[in-house]
Structure formats: C-alpha cells, structure tokens
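Below: the structure, in structure tokens.
The values are calculated or read from the model by the stated rules, or taken from the named source; none is laboratory data. Keep in mind that what you see is a predicted model, and the values were worked out from it rather than measured. Glycine gets a Cβ as well: all are built from the backbone with ideal geometry, and neighbour counts include every protein chain shown.
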Amino acid sequence: MADPQEIKQHFWKKLADSPFVMIGLEGGGHHEPLTAQLDQEQVDTIFFFIGKDNRLAQGGKTMAQFVAKGHDFFACLSGNARIDNDFGMVDKLWNSQVEAWFPGGKSDPNLALLRFDVDDAEMWETDVSLAGKVKMLFGGKIKAGDEGSHAVVGTTAEATGA
C-alpha cells in the first residue's frame, strides 16, 4: 500500500496525463467536464479556461472529480473557485486547445480563467496486485492488501512543507 505522499505524486502525474475533470459549484446543479491547466508553481491549484457566461464563473465552494485515463486512479477534490484573470497566468497557460474554444485569442471578451484552490481531497489508487487480479479472474475474495491505496489529505502538495 502506498503512503499518502506517493498517492499525491501519482495524482498530479495522472492529472497531467489526462487533464479532464468533472467540476461544479456545491449546490449548483450538475457538474461539467473541463480541461485542467496545471502550473507546477501553484500548489493545490488547478486552472480552467471558461466563458464568462459559464455557471462556474460566479465562484464559490466547489467539488471536482477525477478519473485517470486507465481507470486506476480516482480523486474527489473540494475547495473554492474564483475568476483570476491575471494576464501573466493566462499567457503562461494558453495553448492551441484553449484557442480552439476562444477564437478571439487571449483577449477574447468572453474568456475567463477560473482558479480552483483545493482545500482537501480523497484519493484512491486501484493498483490491484497480481494475486488480486488472479483472484478476481476466478471469483476469489480480494483481501485488504490486494486492492490498492487510499488517502484523505488536507493538501495535494507532493512534498511536506510545499
């Protein structure tokens, strides 16, 4: 079983590899899929380019769910979202995928940069052991050490003190 620090490192690697999350305001209806923009200098922060008319633009308490591309890692994140149109950050995170959604470029009048500050998270890594996979294949029972790792964390920072 991995320790929480290792799970947090895996989370950021998995999110970078497949940066799609379901995110929504608490009590604000259904969550929606958005593409995360990551800045390694921002601990516990995920950015999203959205339209100013998006329901998330009002900000507030927010929940986000992440499922890794291989369905071997899951995370539920809670925190606060707010618009942060720092042009330096917009410029830093801008890419061709974002430009496809905002034809007016970085100065598109509908462009907003949503900043999601993570307060806490719960993460699950389903690294089923070889013995566990054989048991599942033949209908055996999975024991506690066979199923993977789980962590409840107050920060998603990869290293203590970061």
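Note down all Cβ pairs under 8 Å where the first residue falls in the stretch 39-55 and is farther than 18 Å from ASN95 by Cα, the second is part of a loop (DSSP other than H, G, I, E, B) and of a type in the set (A, V, I, L, M), and they're at least six residues apart or on different chains.
VAL43/ALA157; VAL43/ALA162; ASP44/ALA157
Got a number for residues in the stretch 47-58 being of a type in the set (A, V, I, L, M) and in a strand (DSSP E or B)? Walk me through how you get there before you give the answer.
Residues of the stretch 47-58 that are of a type in the set (A, V, I, L, M), as a first pass: 50, 56-57.
After this cut, where a residue has to be in a strand (DSSP E or B) as well, the list is 50.
So the answer is 1.
Out of LYS69, LYS13, LYS61, report the one residue that is of a type in the set (Lys, Arg) and assigned to a helix (DSSP H, G or I).
Residue meeting the stated conditions: LYS13.
In the stretch 129-150, is there at least one residue being at pLDDT 65 or above, within 17 Å of the chain's Cα centre (by Cα) and surrounded by 14 or more Cβ atoms within 10 Å (Cβ to Cβ)?
No, the conditions are met nowhere in the stretch 129-150.
Would you mind telling me which numbered condition in (1) within 25 Å of TRP124 (Cβ to Cβ); (2) free of Cβ contacts under 8 Å to residues at least 12 places away in the same chain; (3) surrounded by 12 or more Cβ atoms within 10 Å (Cβ to Cβ); (4) more than 15 Å from the chain's Cα centre (by Cα) HIS30 fails?
(3) is the only condition that HIS30 fails.
Looking only at the stretch 50-75, count every residue that is under 30 Å from THR126 (Cα atoms) and surrounded by 15 or more Cβ atoms within 10 Å (Cβ to Cβ) and tell me the total.
Total meeting the criteria: 10.
Going residue by residue through the stretch 89-101, is there one that turns out to be exposed (fewer than 15 other Cβ atoms within 10 Å of the Cβ), among the aromatic types (Phe, Trp, Tyr) and not in a helix (DSSP H, G or I)?
no
Can you tell me which residues in the stretch 16-46 are out of contact with any strand residue (DSSP E or B) (no Cβ under 8 Å at 6 or more places or on another chain), in a loop (DSSP other than H, G, I, E, B) and acidic (Asp, Glu)?
Within the stretch 16-46, GLU41 is the sole residue that qualifies.
Within the stretch 31-41, is even one residue over 15 Å from ALA112 (Cβ atoms) and hydroxyl-bearing (Ser, Thr, Tyr)?
Taking every residue of the stretch 31-41 in turn, none turns out to be over 15 Å from ALA112 (Cβ atoms) and hydroxyl-bearing (Ser, Thr, Tyr).
Return the residue satisfying two criteria in turn: it lies in the stretch 1-19 and is without any contact (Cβ under 8 Å) to a residue 24 or more places away in the chain and within 21 Å of SER96 (Cβ to Cβ), and of such residues it is surrounded by the fewest Cβ atoms within 10 Å (Cβ to Cβ).
Among those that are without any contact (Cβ under 8 Å) to a residue 24 or more places away in the chain and within 21 Å of SER96 (Cβ to Cβ), it is ALA16.
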